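The values are calculated or read from the model by the stated rules, or taken from the named source; none is laboratory data. The model shown is predicted, which means the values in this text are computed figures rather than measured ones. Ideal geometry is used to build each Cβ from the backbone, glycine not excepted, and the neighbour counts take in all protein chains shown. The protein model used for the area step is the full one, side chains on, heavy atoms only, and it has no ligands, DNA or RNA in it. Shrake-Rupley method; radii C 1.70, N 1.55, O 1.52, S 1.80 Å.
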Amino acid sequence: MANSGTKPKRFDRNLIVIGAGSAGLVSAYIAAIAQAKVTLIEAHAMGGDCLNTGCVPSKALIKSARVAHLVSDAARFGIKTSAPTIDFPVVMQRIRDVITAIEPHDSVERFTGLGVDCMKGYARFIDPWTVEIDGKERLTAQSFVIATGAAPLIPPLPGVDGSGYLTSETLWDEFAKRPAAPKRLVILGGGPIGCELAQSFQRLGSQVTLVEMAERLLLKEEADAAALVTERLHADGVEILTGHKAARFEPGKSLIVEGPQGERALAYDDVLIAVGRQPRIAGFGLEELGLVIDGKLPVDGFLQTNIPHILCAGDVAGKQQLTHGGSHEAWYASVNALARPFKKYRADYRVLPRVTYTEPELAAVGLTEVEATRQGVAFDVTRYDLDDLDRAIAEGERAGFVKILTATGSDRILGATVIGEHAGEILTEITFAMKHQLGLRKILATIHPYPTWSEATKYAAGQYGLARKPLGLLKWAERWFRWRRG
């Protein structure tokens, strides 16, 4: 550690939280509720990426794009109408209005009212016990939670600096100035962000080309579920180039990609880079403390850095990149920070759901088949196709399925994937069952209202039971009832 400092005899705060995204807000909230003296420091806007450039604006955009698609597809439901006219500035203003409506949930006023001391500025560690805000005021604390989030990863491609590229953070302000969506939009990255934005902008009038280095989209998800998303993107008109690597940018807004047939030039009006995110660790004095190793900020299972009273939560911790995951980690980080040295809790990621908000939605929790196989976990697979679900049939949204992995010889749920309409909502019951160690038989025994999308989990549980009928007992019952008939 380059700067060990001297531990103060008295501290200004019990806890200082750096960063006011989901992880930072929850960390500060927990500390305030526990009656600790806590300061939350944020250099930019309260709410972090999720509120301002991530989850909230993207879901508002997805809604507008879906409405446009429903209008275009209205004839399927017996409604005759003309093709939709996209008023792009209004779409972008609506996104801003949604952010404004949600802002009070994450505001300085709200958190001040909860007992959190909120400060605006850049925090930098002077020593392990002291931070300096904007080079002026200094504060000491017994513990710290670093919740500085992550930034879009920009690959070092030749010509990238002059390409005019956008990211999931910068596109909102840029497109707010535009009279229409870009005519030709190239997106690098076939993960959740790339797929969601590709479908949305295609439906809002762009011709989108989606470039992914891997052989398929959504590599982390089950292959058969990712295939349904790919099929829908194709149907929407998105050009998908899997197995293609971005090679370089050339003048005149051209991206050169390398694929199985060699090089190809993609002309674009805008290019969006969505190949991943990297932790924000520069500029906070972490390198000087010796906390940064090989460009990363390592933490242990308790979310502690190699200086135990400095902890991390959220994207900067590098263990997951989900808003609700950041909130989940914030509980462990803040409690472990405040309870030192008497108690600490190991963060548990076994039941952490995720959703990709394409149409169809793709939601998953726990192990996939590939992960279970890699870990040597014995499992059985139960699948229920949504084209059998009455609600799906009634709404004309029959594409999709529920796939559940159970431990061999047991109804204990190891993981699940749901793809289809309202997949994220359907998954919640399975996530609850996993968290509280309830098996599929408990789901089957639960009354579900008819006709609902949630019945999909019940029917999946029923499929599990049908595949395990007690054949010997049923044969005996058949003979018994035949005898009773005389």
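Numbers below:
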| read-out | value |
| --- | --- |
| Single condition residue 83 does not satisfy, out of (1) out of contact with any Gly (no Cβ under 7 Å at 6 or more places or on another chain); (2) closer than 21 Å to residue 17 by Cα; (3) at pLDDT below 95 | (2) |
| Test for residue 233: is it within 22 Å of residue 195 (Cβ to Cβ), open to solvent by 30 Å² or more (accessible area, probe 1.4 Å), hydrophobic (A, V, I, L, M, F, W, C) and not in a loop (DSSP other than H, G, I, E, B) | no |
| All positions within the stretch 1-25 that are surrounded by fewer than 24 Cβ atoms within 10 Å (Cβ to Cβ) and not hydroxyl-bearing (Ser, Thr, Tyr) | 1, 2, 3, 5, 7, 8, 9, 10, 11, 12, 13, 14 |
| Among the candidates 39, 6, residue that is more than 30 Å from residue 193 (Cβ to Cβ) and outside any loop (DSSP other than H, G, I, E, B) | 39 |
| Selected residue (only one of 427, 405, 444 is closer than 20 Å to residue 232 by Cβ and in contact (Cβ under 8 Å) with a residue 12 or more places away in the chain) | 427 |
| Hits in the stretch 243-277 (condition: in contact (Cβ under 8 Å) with a residue 24 or more places away in the chain, over 22 Å from residue 170 (Cα atoms) and in contact with a Gly (Cβ under 7 Å, 6 or more places away or on another chain)) | 243, 244 |
| Single match in 96, 124 (criterion: charged (D, E, K, R), at negative phi and in contact with a Phe, Trp or Tyr (Cβ under 6 Å, 6 or more places away or on another chain)) | 124 |
| So residue 214, is it outside any helix (DSSP H, G or I), touching a residue at least 12 places away in the same chain (Cβ under 8 Å) and under 29 Å from residue 402 (Cβ atoms) | yes |
| Close pairs from the stretch 89-109: first in contact (Cβ under 8 Å) with a residue 60 or more places away in the chain, partner open to solvent by 70 Å² or more (accessible area, probe 1.4 Å) and outside any helix (DSSP H, G or I), Cβ under 7 Å, at least 6 apart | 89/179 |
| Residue in the stretch 368-375 that is in contact with a Leu (Cβ under 9 Å, 6 or more places away or on another chain), part of a helix (DSSP H, G or I), hydrophobic (A, V, I, L, M, F, W, C) and surrounded by fewer than 21 Cβ atoms within 10 Å (Cβ to Cβ) present | yes |
| Residues that are closer than 18 Å to residue 202 by Cα and small (Gly, Ala, Ser), drawn from the stretch 219-259 | 235, 237 |
| Residue that is farthest from residue 337 (Cα to Cα), among those in the stretch 123-140 that are of a type in the set (A, V, I, L, M, F, W, C) and not in a loop (DSSP other than H, G, I, E, B) | 133 |
| Check on residue 380, more than 27 Å from residue 324 (Cα to Cα) and in contact with a Ser or Thr (Cβ under 8 Å, 6 or more places away or on another chain) | yes |
| Residue list for the stretch 169-194, restricted to those being open to solvent by less than 20 Å² (accessible area, probe 1.4 Å) and of a type in the set (Phe, Trp, Tyr) | 175 |
| Members of the stretch 261-276 that are modelled with pLDDT of 95 or more, out of contact with any Lys or Arg (no Cβ under 8 Å at 6 or more places or on another chain), open to solvent by 50 Å² or more (accessible area, probe 1.4 Å) and not basic (Lys, Arg) | 263, 265, 275 |
| Any helices (runs of 4 or more DSSP H) falling wholly within the stretch 378-486 and containing at least 1 residues that are open to solvent by 60 Å² or more (accessible area, probe 1.4 Å) and farther than 22 Å from residue 228 by Cα | 423-435, 440-444, 455-466, 471-485 |
| Answer residue from the stretch 78-101, given it is among the aliphatic types (A, V, I, L, M) and surrounded by 15 or more Cβ atoms within 10 Å (Cβ to Cβ) and is farthest from residue 12 (Cα to Cα) among those | 86 |
| Among residues of the stretch 318-339, those that are open to solvent by 10 Å² or more (accessible area, probe 1.4 Å), within 26 Å of residue 355 (Cα to Cα) and not polar (S, T, N, Q), counted | 7 |
| The listed residue being more than 27 Å from residue 161 (Cβ to Cβ), basic (Lys, Arg) and open to solvent by 10 Å² or more (accessible area, probe 1.4 Å), out of 245, 220 | 220 |
| Pair list, Cβ < 6 Å and 6+ apart or interchain, from the stretch 306-322 residues that are part of a strand (DSSP E or B) to residues that are open to solvent by 10 Å² or more (accessible area, probe 1.4 Å) | 311/304; 312/299 |
| Sole exception among (1) within 25 Å of residue 282 (Cα to Cα); (2) open to solvent by 50 Å² or more (accessible area, probe 1.4 Å); (3) among the polar types (S, T, N, Q) for residue 163, by number | (2) |
| Scope the stretch 181-211; condition in contact with a helix residue (DSSP H, G or I) (Cβ under 7 Å, 6 or more places away or on another chain), part of a loop (DSSP other than H, G, I, E, B) and over 18 Å from residue 267 (Cα atoms); matching residues | 204 |
| Evaluation of residue 94 against (1) more than 25 Å from residue 34 (Cα to Cα); (2) touching a His at 6+ places or on another chain (Cβ under 9 Å) (one fails), failing number | (2) |
